[in-house]
Amino acid sequence: MVTFIRTQYNRSKKLIGMTGTLVGGFRAAQKVGAFGGQASREKLSPYVQEFCRRMAGSFGVNVVQVEPVPQTHGLWVSNHVSWLDIPVVGSVAPVFFLSKAEIGEWPIFGKLAKAGGTLFIKRGSGDTGSVSDQITSFLQGGSSVVFFPEATTTDGKQIKKIYGKLLKSAIDTGLPICPLVIAYVDKDGKLSDDAAYYGERSMADSLKKVADSKGITAHVLPLAPIYPENKDQRTLTEELQSAMEAGLAELHRRVLTA
């Protein structure tokens, strides 16, 4: 009974924290005129980072930069472990996110995502090529974008096969690819399985695991930028695959103690 009460209390506390963060996000967006389209993405960027920091904190996740994350304009990529990756990456890097166009129509999160400068991808003919062109246009407008090239979540232990078709936007703009890797670590110094969202887990199950967990730390390690000059898409994909595999192994070596 005591355990049940404690569990419900912890869940309620995190739900209240998340709600407070969403309310704060709406207030900040109104303050800078984001809902009216009056705020530039350059002006929005620090607000997005602060919102993401608060959102990660509301779930009890402490974000640690193993090395300072450079605030570079470019095409950012990250390994993909959880839905938590979005607030974690957004809290440390000057990036805007990609989202399916229909999410922009959601009543709460959609409105806030629009205010936060999210790039809503319109699927259609050509699909990947069309998305790449949209990202290119976004980058040329001065805004950095992040995507997850594994195209699916993992248990956080390894880097899956990287799909490099969207790296074409780096070639088209000449901007660097800025990789980073994330490791979620529990209070015992092991990779946190509670933070990972993979396999047969539903979103509801994942939310409960995160809400019930204690002491999750998201360690973020930025890797050396990859420059696209005189490289084709295949070469960039192979280089990124190697860099992220080596980077994740190095991150685990530095932050895991058990």
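The values are calculated or read from the model by the stated rules, or taken from the named source; none is laboratory data. Being a predicted model, the structure only gives us computed values, none of them experimental. For neighbour counting, all protein chains shown are included, and Cβ atoms are generated from backbone atoms with ideal geometry for every residue, glycine included. Keep in mind that these areas ignore ligands, DNA and RNA; they rest on the heavy atoms of the full protein, side chains included. Shrake-Rupley method; radii C 1.70, N 1.55, O 1.52, S 1.80 Å.
Those residues that are open to solvent by less than 10 Å² (accessible area, probe 1.4 Å) and farther than 23 Å from Ser144 by Cα, I need them from the range 161-188; list them, please.
Tyr184, Val185 - these are the residues of the range 161-188 that are open to solvent by less than 10 Å² (accessible area, probe 1.4 Å) and farther than 23 Å from Ser144 by Cα.
Here are some conditions: (1) charged (D, E, K, R); (2) assigned to a loop (DSSP other than H, G, I, E, B); (3) out of contact with any Ser or Thr (no Cβ under 7 Å at 6 or more places or on another chain). Arg234 meets all but one. Which one does it not meet?
(2) is the only condition that Arg234 fails.
Out of Ala101, Ala56, Ala93, I need the residue that is surrounded by fewer than 22 Cβ atoms within 10 Å (Cβ to Cβ) and among the small types (Gly, Ala, Ser). Which one? Can you show your working first?
Details: Ala56 fails: surrounded by fewer than 22 Cβ atoms within 10 Å (Cβ to Cβ); Ala93 fails: surrounded by fewer than 22 Cβ atoms within 10 Å (Cβ to Cβ).
Of the residues listed, the single one that is surrounded by fewer than 22 Cβ atoms within 10 Å (Cβ to Cβ) and among the small types (Gly, Ala, Ser) is Ala101.
Do you know which residues across the range 220-238 are touching a helix residue (DSSP H, G or I) at 6+ places or on another chain (Cβ under 7 Å) and open to solvent by less than 30 Å² (accessible area, probe 1.4 Å)?
Val220, Leu221, Ile226, Pro228, Leu236, Thr237
Mind checking which residues of the range 64-90 are of a type in the set (A, V, I, L, M) and either touching a Leu at 6+ places or on another chain (Cβ under 8 Å) or buried (at least 22 other Cβ atoms within 10 Å of the Cβ) (or both)? Before you say what the answer is, go through the steps one by one.
At the first step, the residues of the range 64-90 found to be of a type in the set (A, V, I, L, M) are 64, 66, 69, 75, 77, 81, 84, 86, 88-89.
Listed by number, the residues that qualify are Val66, Val69, Leu75, Val77, Val81, Leu84, Val88, Val89.
Let me spell it out: the conditions are (1) farther than 22 Å from Ala195 by Cα; (2) modelled with pLDDT of 90 or more; (3) open to solvent by 40 Å² or more (accessible area, probe 1.4 Å), and Met1 meets all of them except one. Which number is the exception?
(2)
Within the range 189-206, track down each residue that is assigned to a loop (DSSP other than H, G, I, E, B), among the polar types (S, T, N, Q) and open to solvent by less than 40 Å² (accessible area, probe 1.4 Å).
In the first step, residues of the range 189-206 are kept if they are assigned to a loop (DSSP other than H, G, I, E, B); the result is 189-190, 192-202.
Applying the additional criterion that residues be among the polar types (S, T, N, Q) yields 192, 202.
Listed by number, the list holds a single entry, Ser192.
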